[in-house]
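Visitor: Next up is a structure, given as structure tokens.
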Amino acid sequence: MEGEFTVFVVDDVEASRRMVEAALGRSCQVETFASGAACLERMQSKVPDLFLLDVEMPGMDGYTLCRKLKDDSAGSRVPVVFVSGLADLDSCLAGYDAGGDDFVVKPFKAAELKQKVAVWQRDAEKKSSLQQQIEASDTLASLIMSNLDEYAALVKFLRALNGCTEYRQVGDEIFGLLRAYRLEGAVQLRLPGIELTLNANGDARPVEGSILRLMRCMDTITSYRNRLAIHYERASLLVANMPLDDADLCGRLRDHLAIAVETTDARLAAMHAQRETLSTRSEISALLDNVTATVHDFSQRYEAARYRGSETRPSAARRT
């Protein structure tokens, strides 16, 4: 069965192989081999979770086979248990030097062998679980780093947008954000008496303006194939190359761009209000200047009239 704990048993004695297979057959998947060469050949297509190796075998003994397994990238992390009638110190040290992990002495009891294998099976399960956690953590860390980069680009855009005082400058900042996300597209900025449709190279192509006008009657956020359109009252964005092969990334970028366009709409409203205020102030200032000039002129005329009147009255008195 796929995913079942697998044990490779290498022993030149058929009776020993059958004994091990009978002891372990119900708890795991067992494959037996009469020689080290046969085991190495099988390793080309399948890697087990545990090796049980006899030591004294013709041709290639268990120690030599163990060294070959440990030198192989696929088998280097698989534990090796020697099953041997040799239990002296020199044999144990030789097994240790070859890269072995444990010894089972022949003749063994089935329960003892099952217990030994069960320990390695639990260890393999723990390692597999840990590896899955590590991979999940790596994936999460990668996702977080990607999100941080995306958020950083958005925050940079929002800060720059707040300093914009010209409409084309707003467009430049939007295209800077698109470049950070490896996206291409067009933007339209609308204010009373003004409509700018731009792409990264300057004024947009007529077809881009037509697409934006056609899609403005749709929802605030509209997706069509790999196109994305986002519309607010004063700002529209058309993206031409959304990464449809990565649904998570596509969703994140859509959310970031929606925030960017909505904030652009608010910034355009603020810029328009500022210009209206400045225009009103300029008109009021001009009106005040006119009123001041009129009052000054009237004052001068009044003073001149008074002066002429003061000169006329004494002459009339003398004639009387």
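Visitor: Is there a residue in segment 129-139 that is modelled with pLDDT of 85 or more and under 20 Å from E4 (Cβ atoms)?
Guide: Within segment 129-139, none of the residues are modelled with pLDDT of 85 or more and under 20 Å from E4 (Cβ atoms).
Visitor: Further question: Answer yes or no: is there a residue in segment 55-70 that is within 48 Å of the chain's Cα centre (by Cα), touching a residue at least 24 places away in the same chain (Cβ under 8 Å) and assigned to a loop (DSSP other than H, G, I, E, B).
Guide: Within segment 55-70, none of the residues are within 48 Å of the chain's Cα centre (by Cα), touching a residue at least 24 places away in the same chain (Cβ under 8 Å) and assigned to a loop (DSSP other than H, G, I, E, B).
Visitor: Let me ask something else. Scanning segment 145-179 for residues that are under 13 Å from the mean Cα position of the chain (by Cα) and open to solvent by 30 Å² or more (accessible area, probe 1.4 Å), which turns out nearest to R252 (Cα to Cα)?
Guide: Per the criteria, the residue is N147.
Visitor: Something else about it: Cβ-Cβ distance below 6 Å, separation of 6 or more or different chains: which pairs start in segment 83-99 with a residue that is closer than 16 Å to M60 by Cα and modelled with pLDDT of 80 or more and end on one that is among the hydroxyl-bearing types (S, T, Y) and part of a helix (DSSP H, G or I)?
Guide: Going by the 6 Å Cβ cut-off, the qualifying pairs are A94/Y63; A98/Y63.
Visitor: With respect to C250, determine if the residue is at pLDDT 70 or above and outside any loop (DSSP other than H, G, I, E, B).
Guide: Answer is yes for this residue.
Visitor: In segment 26-41, is there at least one residue being over 45 Å from the mean Cα position of the chain (by Cα), over 18 Å from Q115 (Cα atoms), of a type in the set (D, E, K, R) and open to solvent by 20 Å² or more (accessible area, probe 1.4 Å)?
Guide: no
Visitor: Also: Restricted to segment 209-238, and to residues that are charged (D, E, K, R) and within 24 Å of L249 (Cβ to Cβ), which residue is surrounded by the most Cβ atoms within 10 Å (Cβ to Cβ)?
Guide: The qualifying residue surrounded by the most Cβ atoms within 10 Å (Cβ to Cβ) is R227.
Visitor: Next question. Mind checking whether some residue in segment 101-116 is modelled with pLDDT under 85, closer than 16 Å to E56 by Cα and exposed (fewer than 12 other Cβ atoms within 10 Å of the Cβ)?
Guide: Yes, segment 101-116 contains at least one residue that is modelled with pLDDT under 85, closer than 16 Å to E56 by Cα and exposed (fewer than 12 other Cβ atoms within 10 Å of the Cβ).
The values are calculated or read from the model by the stated rules, or taken from the named source; none is laboratory data. This structure is a prediction, so every number in the text was calculated from the model and none was measured. Heads up, the Cβs are rebuilt from the backbone with ideal geometry, glycines too, and the neighbour counts pull from every protein chain shown. Side chains are part of the model used for accessible areas, which takes the heavy atoms of the whole protein and leaves out ligands, DNA and RNA. Shrake-Rupley method; radii C 1.70, N 1.55, O 1.52, S 1.80 Å.
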